[in-house]
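What follows is a set of notes on a single structure, which appears directly below.
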Amino acid sequence: MSQSITHDQAKHQFEITIDGHTGVVTYSESEGVWIVDHTFVPDALRGQGVAAMLVEAAFVAAREAGVKIEPACSYVARYMERHSETADLLA
């Protein structure tokens, strides 16, 4: 699946739209930390790795911005637990 994920900095979210369905990861900012608080993937897109793609895009952007991640969303917390390569981002 080759889709474009956008980072809407004004809304503090990463989003992807596939076949008219939009998935998002949202966050808030506090002193060099992105508090990732919500991951949403509509039913039509579930089971296709869309949530992982959104989280990975957020992590790439966090590294580029030099910020850490606080996983306030259970999906993001589990993702970080399962992917040791994200340990450097953990706030």
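The values are calculated or read from the model by the stated rules, or taken from the named source; none is laboratory data. A quick note: this is a predicted structure, and the numbers were derived from the prediction, not measured. Neighbour counts run over all protein chains shown; Cβ positions are idealised from the backbone, glycine included. Heads up: the accessible areas ignore ligands, DNA and RNA and are worked out on the full protein's heavy atoms, side chains in. Shrake-Rupley method; radii C 1.70, N 1.55, O 1.52, S 1.80 Å.
Which far-off residues, 5 or more places away or on another chain, put their amide H under 5 Å from the one on LYS68, with H placed in the peptide plane?
The list, which skips near neighbours in sequence, is VAL33, TRP34.
Spelling out what I want: for every residue of the range 77-91, take phi, set θ = phi - 60°, compute 6.51 cos²θ - 1.76 cosθ + 1.60 (Karplus), and round to whole Hz; glycine and proline get x.
Couplings: 4, 5, 4, 5, 5, 7, 10, 4, 5, 9, 4, 5, 8, 5, 6 Hz.
Quote the FRET efficiency, to the nearest 0.05, computed for HIS83 versus ASP19 with a Förster distance R0 of 25 Å and r equal to the Cβ-Cβ distance.
According to the calculation, E is roughly 0.35.
Tell me, what is the per residue accessible area of the chain in Å², probe radius 1.4 Å?
Dividing the accessible area of the chain by its residue count gives 57 Å².
Beyond 17 Å, how much of the Cα-Cα pair distribution for the chain remains, as a whole percent?
Beyond 17 Å sits 43 percent of the P(r) for the chain.
Give a residue-ordered list of calculated ³J(HN,Hα) values for the range 29-41 (Karplus: 6.51 cos²θ - 1.76 cosθ + 1.60, θ = phi - 60°; whole Hz; x for Gly, Pro).
Values per residue, Gly and Pro as x: 10, 7, 6, x, 10, 9, 8, 7, 10, 7, 10, 10, 10 Hz.
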